[in-house]
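Here's the structure we're looking at; comments come further down.
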Amino acid sequence: MPPLDDSEIERVLVVTAHPDDLDFGAAGTIAQWTAKGIEVSYCICTNGDQGGEDPDVPRADMPKIRQKEQRDAGKILGVTDIAFLNHRDGWLVPTIELRKQIVREIRKSKPQRMLIQSPERNWDRLFSSHPDHMAAGEAAIQAVYPDARNPFAFEDLLKEEGLEPWHVREVWVMSHHTPDHFIDVTDTFDKKIAALHAHVSQTAHNPNLEKMVREWGERNAKLNNLADGRVAEIFRVVASD
């Protein structure tokens, strides 16, 4: 089943484990959505406080640093609505509490489309299967179905917070081992790189960042029969109607 046309999408909610995950996986695509007038919101499950390369930065300061970096990166792509759920980096699990928090964000932002991480381990690219990524993906897809649309799931969200049930129409999954959809992001690749550079604590140590990310994108493009030099991001699209 093909994805919904972007003309049918007014709002997108992105759910990831860490700051910078969505910029590595989908910043070029997000930049295209916002350029079309689609309203994009982020829900970041942890503050990425185990990240960073500088041993002199106190761990206690890292949540504030990474939140600022994600806000700065979001502005580059046209995104300012960012919720941080403040779970502990490296300890994320798909609990009922996390599901409820994501349901709350779904009902608040009312997205037709969601962008999430894969809940499945990719044995061919193990580094893409961080346990936090899988936990965020599993909690997010559980929040899409059955919880967000069900008035009897987390009834206090409706009765006490006035958050009506919401039916997400489709889900795009990043870093899935069997993608079935790609977006040519050659024209927004500069924004993707700028967003990644905004995550200074994570990327400043890597002088080959742009080359590395471009090579990933060119490989994606070649696998989808795009011309040499084009750059693509890849997804698994799941209908949830």
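The values are calculated or read from the model by the stated rules, or taken from the named source; none is laboratory data. Here the structure is a predicted model, which is why all the values come from computation and not from measurement. Because the Cβ atoms are built from the backbone with ideal geometry, glycine has one as well, and the counts that use them run over all protein chains shown.
Filter region 103-127 for residues that are within 13 Å of the chain's Cα centre (by Cα) and under 25 Å from Gln50 (Cβ atoms) and give the result.
Scanning region 103-127 gives Leu115, Ile116, Gln117, Ser118, Pro119.
Considering each of Ala26, Ala60, Ala35 in turn, give the residue that is among the aliphatic types (A, V, I, L, M) and crowded, with 18+ Cβ neighbours inside 10 Å.
Of the residues listed, the single one that is among the aliphatic types (A, V, I, L, M) and crowded, with 18+ Cβ neighbours inside 10 Å is Ala26.
Could you grab me the full set of residues in region 1-23 that are crowded, with 23+ Cβ neighbours inside 10 Å and in a loop (DSSP other than H, G, I, E, B)?
Ala17, His18, Pro19, Asp20
From (1) surrounded by 19 or more Cβ atoms within 10 Å (Cβ to Cβ); (2) under 20 Å from Ser41 (Cβ atoms); (3) acidic (Asp, Glu), pick out the condition that doesn't hold for Asp184.
So Asp184 meets the others, but not (2).
Name every residue in region 106-123 that is surrounded by fewer than 24 Cβ atoms within 10 Å (Cβ to Cβ) and either in a helix (DSSP H, G or I) or out of contact with any Lys or Arg (no Cβ under 9 Å at 6 or more places or on another chain) (or both), in order of residue number.
Of everything in region 106-123, those that are surrounded by fewer than 24 Cβ atoms within 10 Å (Cβ to Cβ) and either in a helix (DSSP H, G or I) or out of contact with any Lys or Arg (no Cβ under 9 Å at 6 or more places or on another chain) (or both) turn out to be Arg107, Lys108, Ser109, Pro119, Glu120, Arg121, Asn122, Trp123.
Scan region 173-184 and give yes if some residue there is β-branched (Val, Ile, Thr) and at pLDDT below 95, otherwise no.
The answer is yes; a qualifying residue exists.
How many residues are closer than 17 Å to Pro94 by Cβ, assigned to a helix (DSSP H, G or I) and among the aliphatic types (A, V, I, L, M) if we restrict to region 124-181?
8
If we scan region 7-15, do we find a residue that is closer than 22 Å to Leu209 by Cβ and more than 9 Å from the chain's Cα centre (by Cα)?
Looking through region 7-15, none of the residues is closer than 22 Å to Leu209 by Cβ and more than 9 Å from the chain's Cα centre (by Cα).
Can you confirm whether region 89-97 contains a residue that is under 20 Å from Gln142 (Cβ atoms), out of contact with any Lys or Arg (no Cβ under 6 Å at 6 or more places or on another chain), free of Cβ contacts under 8 Å to residues at least 60 places away in the same chain and assigned to a helix (DSSP H, G or I)?
Yes: one or more hits.
Quick check on my filter: what residues within region 71-88 are in contact with a strand residue (DSSP E or B) (Cβ under 9 Å, 6 or more places away or on another chain), outside any strand (DSSP E or B) and buried (at least 20 other Cβ atoms within 10 Å of the Cβ)?
Matches in region 71-88: Gly74, Leu77, Val79.
Would you say Asn224 is more than 30 Å from Arg104 (Cα to Cα) and without any contact (Cβ under 8 Å) to a residue 12 or more places away in the chain?
Against the criterion (more than 30 Å from Arg104 (Cα to Cα) and without any contact (Cβ under 8 Å) to a residue 12 or more places away in the chain), Asn224 does not qualify.
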